[in-house]
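The values are calculated or read from the model by the stated rules, or taken from the named source; none is laboratory data. Owing to the predicted nature of the structure, the values given are computational and were not obtained by experimental measurement. Methodologically, a virtual Cβ is constructed for each residue, glycine included, from the backbone with ideal geometry; neighbour enumeration extends over all protein chains shown. Heads up: the accessible areas ignore ligands, DNA and RNA and are worked out on the full protein's heavy atoms, side chains in. Shrake-Rupley method; radii C 1.70, N 1.55, O 1.52, S 1.80 Å.
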Amino acid sequence: RLSLAYNLDISQLNSTELVYQISKLIRDYKLPPKLVTIEITESGLILAPALNMENLIRLRMLGCELAIDDFGAAYSSLARLCELPFSQMKLDACFVAGLDTEPRCKAAISSVIALSDSLDMQLVIEGIETAAQLKLLQNLGCNLGQGFYFSHPLSEADFCKHFLQNELLRLHG
């Protein structure tokens, strides 16, 4: 099934209406909340006020997935992974970019794969651009990734044409 991921700036979580708006959209479009992932950058979480944390918890209670985006690129805090209801980590693309030239990147990726498994969190590795990177990451245990290897950014029309048209045919075929 096609899932949707949305990047939110931490300031958007200041709104007391945000969770109600997302809940309404999920109902209006009859989306299973499990297929909606809200992504918050790791650096945005550093000084996040209590209201932001409450809204993150409300989104999880609604059934949405939460991803900590760009993990490992800023001020990584393992405490945040334990304190907050994240269901997914998105490892920053800088680790994949150095995969061929820096042996420590491979070790860091392997460690994060093990950490995500131990925390029972999905891990998405960002920045996959080549078949060779994908193969190496798969050999390390990666099973979710994103990057230009899979698709460049698409307009709404191109996205619907490439992805939703096939989904609608499958559902109504």
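The set of residues in segment 13-37 that are outside any helix (DSSP H, G or I) and open to solvent by 80 Å² or more (accessible area, probe 1.4 Å) comprises Thr16, Glu17, Tyr29, Lys30. Only one entry in Cys105, Cys142 is closer than 15 Å to Cys94 by Cα, surrounded by 12 or more Cβ atoms within 10 Å (Cβ to Cβ) and among the hydrophobic types (A, V, I, L, M, F, W, C), namely Cys105.
Within segment 38-84, the residues that satisfy the criterion of being small (Gly, Ala, Ser) and either at pLDDT 90 or above or open to solvent by less than 10 Å² (accessible area, probe 1.4 Å) (or both) are Gly63, Ala67.
Which residues, taken from segment 90-109, are modelled with pLDDT of 90 or more and over 18 Å from the mean Cα position of the chain (by Cα)? Residues satisfying the conditions are Ala97, Arg104, Cys105, Lys106, Ala107, Ala108.
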